[in-house]
Each structure stands twice: as C-alpha cells, then as structure tokens.
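Here's the structure, in structure tokens; my notes come after.
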Amino acid sequence: MDTHAAPSSVPDALAEPTVPVGARWIAGIVLVNLGINAVLYAPLNVLLGLQATAINPEEKEGMLSLVSAFGAAVALVANPLTGALSDRTTSRFGRRSPWVLGGAVVAALALLFLASASTLTGTAALLSLVVGWCFVQLGVNSTYSTIAATVPDRTPVNQRASVGGLGAMGQTVGILCGAVIGFVIDGNIGLGYGLCAAVMVLSVIPYLTHRDDPVLPLEARERFRLGAFLRGFWIGPRQHPDFGWAWITRFLMFLGNQMTIVYLLFFLTDVIRHPNPAGGVLVLTGLYSLMVLLSAVAAGRLSDAAGGRRRIFVAGSSGLIGLATLILAFFPVWPAAMLGAAVLGVGFGAYLAVDFALLTQVLPSASDRGKDLGVVNIAATLPQVFAPAAAWLAVTALGGYTTMFLIAATLCALGAVLVYRIKSVP
C-alpha cells in the first residue's frame, strides 16, 4: 500500500503529503545538495579566480565578475524553466528524476570543458570561461530546481524545517568539499574540474536509485498553451502577498551573503594578505561549514518543534548574518575573519533550514511546485547577477571592502525586518 496515496480524484504526484519521509530518501536529497554546492563553490571560490588571474592578473576582479554574472543570468532562466517543465513531465520515472539526472550530466560535461580553457589565452580563454560556466549553471540549476521541488512534493509541513536543515547540511558539506578541492589540487585546474565533474555525477546516484517520485498521469496534465505557460511565471504579489514578501526577503538575504563571499579569495590576498589565500579559504569555509552543520539541523528541529514558527528564526538568523559582515568590515585581520566566518555559519545555517520551510508553506499551487520554487530560487540566483557588479563598484569606486561589507549588512537587516510582513506563517 502506498503510504502517500491521496483520494482517487487527486493523483499521488499532486497530493499534499502527510506521512513523514524516511532516512534513506532524505540522505539522497542531502547528497544531491552536496554535489550541487561542491560544483558551484570550487570554481567560484578558487578555480575561476585562478584562471582569471592566469589570463590577466590586473583585471582578475572584473573578469571573475563578468563570468559570474553571465552564469547567474543563465541560472536565472534555467531554474524556474526546468522547474516548470518538470511539473508537466509524465515520464515513467517520475516528474523530477529525469531532470535531476539530465542536469547532472550537462554540468559534468561543462566542467570538463572548463578544464580545457586553461590551455587558451586572451579573449578565447575568457570566452571559454563564460560559455563553460553558463552550461555548468544550466545543468546545476536543472538539478537544483527539481530536487528542491521533491521536498514539498513528499514531505509533510511539520517535517519540512527538519528536512530543510539536513538539506542545508548537505549544501554546507558541499561548499566545504569545494574548498577542499580548491586546496588539494595545488594549482592543477584541470584536476579540480575533473574532481567536480565526478562529484556531480556520483552525488545524484543514491537519490535516483531510491527515489519517491510518483508518475504524473497524462490526463492530469493541463494542455500546453505557450501564453498561459509564460504567464504562469508571474506570481502576482496582490494575489499572493506572502509569497511576494518571502521572495523579497530571500533576495535581500542572498544579495547580502553573495556580496560577502564573492571576493573572498581576493579579500584574503589583497586586504588581509594571507600567505596562502587558497588555504585561508579552506580554513574559513571549514569554520563556516561546522557552524552551518550545527545550526541548520538544530534550528530546523526547533522550528518544527515550536509549532511551525518560522519568522522569528528567519529574522534572528538574518541579524546574525549582518553581524558577520560588520565584523569583516571593521576588523580586516585574520582572527576576525575566522570569527566572522563562524558567525556567518551560525546565521546562514539557521536561515537556510527555516526559510526554506517557510517558502514551501506560501507556494500558491501544489500542481506548480517546481515552477513556483523556481521563481523563488530567482531570489537566490538574481543576486549572483547583481552582487559581483555591486561588489566591484564598492571595492573599486566606493571605498573598498569596508563599504562592500557595510552594504551587505544593511541588506541583511532589511530582510530581517520585512519577514514580519508575511502573515500566513507564524
């Protein structure tokens, strides 16, 4: 008997889940999140920076910002689009699984292509970085949009913050793995990308071999109309105000966080003057990761145990993230950087766990979870477009890294305040 079964009039793929998910399924979700974040952060924190430095050390910041912005623009479209397409997928393997696998394969191939860019110079090398990173973002976001949708698909509301906390744990271990890859390759960029590609493919296998991904019956899928499909990506804030406020607060938080980390390698090199910047990135990421691991799981369980209260946890964690950026702004020395990384980890771990649960509770429609979460994920992706440009402007024209961190702190504080505009979630 299918424990997730719904009344016969509602397909299981569209039913509101009521039975808690098991440890093996959760482990699959965690590992996919691990792979995604290892693949994103090893290049962003180390590999792309090393390539930009090799191409033109005087323009490395601008080159990294350009590559990051183009990739983020692709992610901006890929995330909601693949989520929406997965909502309509009637494959015998389920709605989400084909997209999880396909995205992983595309990302792995693009990472191997990026490795070849190290043999090029000048404009050809820069163009290869842009194209390769865009395809990495396409694949990764196809996987991410659909694996995220599996949580509200199969997880009851009163378990979502706990599952979100474990998912955040996977994200954090993935970031740490990315830092480890950047450290152990000792400048061998091709090896780094090869390791990333292997991690991406291997990370999706446990989920795909133990998926809980019911088939959407063909008769339950609405007839495709291009106009209606495109209009569906606009979720009106007047009709769904809580969704709108959740989107805005997430955008502010991720913009502040992205501004904090986008130039981490250069901050250690040029301001703190760390003797081994790649090693410094590893140490800071390790501290950050440890704190996220502890706070994400704890905050998720506390939020579920507190009757599903979300806003106070989101606001408090936002404040901690802002505090971390202030530490970096006013104390640009190595010990303070380690403290800032630890505080950032506590705040962002709690935020990732509880805000995700909050978001799943303000989605407008069960039949469009993939698309709606993809629209939500724009709030996390769009900052990757704006943050590099804003960080570059702050560093080069508005006073340097102190100004950049102060702007980030202000954005986090605003996000903490605005979360209380959400009324349907306690």
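The values are calculated or read from the model by the stated rules, or taken from the named source; none is laboratory data. None of the values given here were measured: they were computed from a predicted structure. Don't worry about glycine lacking a Cβ; one is built from the backbone with ideal geometry, like all the others, and counts go over all protein chains shown. Note: accessible area is taken over every heavy atom of the protein model, side chains too, but ligands, DNA and RNA are not part of it. Shrake-Rupley method; radii C 1.70, N 1.55, O 1.52, S 1.80 Å.
Give the shape of the stretch 361-426 as rounded, prolate or oblate, defined through the alpha-carbon gyration tensor: a ≥ b ≥ c are the square roots of its eigenvalues, a/c under 1.5 means rounded, and otherwise the shape is prolate if a/b is larger than b/c and oblate if not. Verdict is oblate for the stretch 361-426. What is the stretch 288-344 by shape, rounded, prolate or oblate, if you read a ≥ b ≥ c off the alpha carbon gyration tensor as root eigenvalues and call it rounded for a/c under 1.5, prolate for a/b larger than b/c, and oblate otherwise? Judged from the Cα gyration tensor, the stretch 288-344 comes out oblate (a/c at least 1.5, b/c at or above a/b).
If you take all C-alpha pairs in the chain, what percent of them are over 32 Å apart? Here the long-distance tail beyond 32 Å is 32 percent of all Cα pairs in the chain. Rounded, prolate or oblate for the stretch 177-266? Axes are the square roots of the Cα gyration tensor eigenvalues, ordered a ≥ b ≥ c, and the cut-off for rounded is a/c under 1.5. Oblate is the answer for the stretch 177-266, as a/c is 1.5 or above yet b/c matches or exceeds a/b.
For a modelled paramagnetic label at Arg273, 7 Å from Cα along Cα-to-Cβ, the residues of the stretch 313-337 in reach, with backbone nitrogen under 16 Å, are 332-335. Heavy-atom accessible area, probed at 1.4 angstrom with all protein chains present, ranks Arg225, Arg238 as Arg238, Arg225, highest first. Reported to the nearest whole Å, the Cα centre-to-centre distance from the stretch 145-193 to the stretch 289-346 is 17. Remark: spin-label model distance Phe386-Ser9 equals 4.3 nm, labels positioned 7 Å along the Cα→Cβ axis.
Taking all protein chains into account, the per residue accessible area for the chain stands at 39 Å² (1.4 Å probe). The Cα center of the stretch 26-46 and the Cα center of the stretch 84-142 differ in position by 14 Å. Counting only protein chain heavy atoms and rolling a 1.4 Å probe, the accessible areas of Glu59, Glu219 rank, largest first, as Glu219, Glu59. What base-10 log of the normalised intensity I(q)/I(0) is obtained for the stretch 94-179 from the Debye formula, alpha carbons as equal point scatterers, at q = 0.15 Å⁻¹? Each listed q maps to, in turn, -0.69. For the chain, the fraction of 1.4 Å probe accessible surface lying on carbon and sulfur atoms is 69 percent.
What relative contact order, as a whole-number percentage, does the chain give when Cα pairs under 8 Å and 6 or more residues apart are counted? Relative contact order here is 27 percent.
Sorted largest first by accessible area at a 1.4 angstrom probe radius, with every protein chain in place, the residues Thr150, Thr121 fall in the order Thr121, Thr150. Dividing the mean sequence gap of close Cα pairs (under 8 Å, 6+ apart) by how many residues the stretch 47-113 holds gives a relative contact order of 15 percent.
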